[in-house]
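The values are calculated or read from the model by the stated rules, or taken from the named source; none is laboratory data. Just so it is clear, the model here is predicted, and its values are computed rather than measured. Don't worry about glycine lacking a Cβ; one is built from the backbone with ideal geometry, like all the others, and counts go over all protein chains shown.
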Amino acid sequence: MTLATGTPRDTRDAVLHRQHSRESAARTYARTFPIVPVRADGMTVEGADGRRYLDCLSGAGTLALGHNHPVVLDALRRTLDSGAPLHVLDLATAEKDDYTGALFENLPRDFAESAKVHFCGPAGTDAVEAALKLTQTATGRRGVLAFTGAYHGMTAGALAATGNVAVKQPLPTGGEVTRLPYPYAYRCPFGVGGERGAELSAAYVERLLDDPSGGVLPPAAMILEAVQGEGGVIPAPDGWLREMRRITAERGIPLIVDEVQTGAGRTGAMWAVEHSGIVPDVMVLSKAIGGSLPMAVVVYHEDYDGWQPGAHTGTFRGNTLAMAAGAATLRHIAAAGLAERAAVVGARMTERLTALRGELPVIGDVRGRGLMIGVELVDPSGTPDTCGAHPAAPELAARVRAGCLARGLIVELGGRHDAVLRLLPPLTITDEQAEAVLDRLADAIAEASAATTGGRP
Ligand SMILES: Cc1ncc(COP(=O)(O)O)c(C=O)c1O
């Protein structure tokens, strides 16, 4: 199809207009980012209207190396030129063999030693379904323990485990899911905050599971994110994660860690579980592990490998190009020390954002791990809760997002009230780019906050 003729802006508007008239009402990012990307390189995206943006969304955390990294492009070109079949169901290929090697080389050693991998349909949500089915098969139980604020995907089982109520409607609340309180220091489910909130969460989980009248049948699994992404960039304390590992291990409950967004260097370690040192029974991986192309796997202790042949099948489980791009990406992250780099740059960015709180009281909280950073915006004139957190400010956050876009910065929102600015830059972000992101962001927050308060600080 040819693009409309006229100015680059006309071209953009024509494409957006056709998208608006032909695509579903459920489209997401396209609603808030009226960009028609035509070129992308590293952290920069260029739209059909010639405007350039720094991309702090990175395909919702998928693009660990940014757009079109040479390592990825080389791997793709080599594979295309080799004549390898591009689609092979789940047959063995040299590319898949190599990918599996790259994955196992880079998984936490204690976990990889006795792990099996299952290639899933190429979306995180399918790997979550596989993990649930795997543990249900192995335990002969059905129920799942999942957390407030969790995001696990849009298919039935993953959606049931997800916390966000809006995306579940109008479906019946699915599955046998027991909802547990995730430690969220800023908006503490127990109204106490800090480490104490995490301790109470662990105590609650343990006592509930041991309460013969607690209403919870022995579950098939507990599923959690070490850092909640969509839930508002909430890192769980390492001690709390170790408690979850202890509590589940002592009760024979498989622990599934969903590393779809946190994996492949994002949090400052190759895998987020490495910060706490826990060894889960099952890891769910997707996004960055395909090196920009669709890929999802579930990796688990071999003891759980009791499911039947074909128990979790699917047509698109053998994407040769994704295997090549993913293997190159995982090896490059490790060889170039990009997880360590994410830790350093992320800490610097978080520090500067935290310092901004003094000047801009609409910044309620700054948190994150590595290059998964959240800035929660609040209404400082509203009544604070018992932990001192002011009410969330979703309209202000939407204005800041628009202000960022006007300044050439792509930033998405998340969190309970869509009031958390989420920064997910590529791990390859340079120091200069990090400064530019923070300058634009600070400017956009200051402008939107001045408009809200009539210029008062
Ligand atoms: C932690 C987590 N799990 C699962 C998913 C679902 O992945 P997908 O959108 O590829 O189905 C996501 C997507 O954002 C995620 O962040």
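Consider only pairs whose beta carbons are under 6 Å apart and that are at least six residues apart or on different chains; among these, list those whose first residue lies in segment 162-188 and is modelled with pLDDT under 95 and whose second residue is basic (Lys, Arg).
From residues that are modelled with pLDDT under 95, the pairs are Glu176/Arg142.
In segment 309-330, which residues are touching a residue at least 40 places away in the same chain (Cβ under 8 Å) and under 30 Å from Ala249 (Cβ atoms)?
Once the filter is applied, which keeps residues that are touching a residue at least 40 places away in the same chain (Cβ under 8 Å) and under 30 Å from Ala249 (Cβ atoms), segment 309-330 yields Ala311, His312, Leu330.
So which of Gly214, Gly191, Gly197 ends up being more than 16 Å from the ligand (Cβ to nearest atom) and closer than 21 Å to Thr139 by Cβ?
The match here is Gly214.
Collect the residues in segment 152-164 that are part of a loop (DSSP other than H, G, I, E, B) and away from the ligand (no atom under 11 Å from the Cβ), keeping them in residue-number order.
Gly163, Asn164
Do the conditions hold for Ala220, that is, is it surrounded by 24 or more Cβ atoms within 10 Å (Cβ to Cβ), in the same structural domain as Arg317 (by TED's automatic domain parsing) and within 15 Å of the ligand (Cβ to nearest atom)?
No.
Condition (residue is modelled with pLDDT of 95 or more, in contact with a helix residue (DSSP H, G or I) (Cβ under 6 Å, 6 or more places away or on another chain) and not in a helix (DSSP H, G or I)) applied to segment 195-212: is it met by at least one residue?
Checked against the condition, which is being modelled with pLDDT of 95 or more, in contact with a helix residue (DSSP H, G or I) (Cβ under 6 Å, 6 or more places away or on another chain) and not in a helix (DSSP H, G or I), segment 195-212 yields no hits at all.
When the residues of segment 122-148 are filtered to those that are out of contact with any helix residue (DSSP H, G or I) (no Cβ under 8 Å at 6 or more places or on another chain), surrounded by fewer than 24 Cβ atoms within 10 Å (Cβ to Cβ) and small (Gly, Ala, Ser), which remaining residue is farthest from Tyr186 (Cα to Cα)?
My answer is Gly140.
Please determine whether any residue of segment 316-339 is within 23 Å of Pro235 (Cβ to Cβ) and among the polar types (S, T, N, Q).
No, that holds for no residue.
Residues that are within 30 Å of Ser201 (Cβ to Cβ), among the charged types (D, E, K, R) and either buried (at least 17 other Cβ atoms within 10 Å of the Cβ) or out of contact with any Lys or Arg (no Cβ under 6 Å at 6 or more places or on another chain) (or both): does segment 90-108 have at least one?
No, every residue in segment 90-108 fails to be within 30 Å of Ser201 (Cβ to Cβ), among the charged types (D, E, K, R) and either buried (at least 17 other Cβ atoms within 10 Å of the Cβ) or out of contact with any Lys or Arg (no Cβ under 6 Å at 6 or more places or on another chain) (or both).
Please state which one of Val167, Val144, Val177 is within 12 Å of the ligand (Cβ to nearest atom), in the same structural domain as Gln228 (by TED's automatic domain parsing) and among the β-branched types (Val, Ile, Thr).
Exactly one of Val167, Val144, Val177 is within 12 Å of the ligand (Cβ to nearest atom), in the same structural domain as Gln228 (by TED's automatic domain parsing) and among the β-branched types (Val, Ile, Thr), namely Val167.
Inside segment 36-56, can you point out the residues that are within 22 Å of the chain's Cα centre (by Cα), more than 16 Å from the ligand (Cβ to nearest atom) and not in a strand (DSSP E or B)?
The one that is within 22 Å of the chain's Cα centre (by Cα), more than 16 Å from the ligand (Cβ to nearest atom) and not in a strand (DSSP E or B): Met43.
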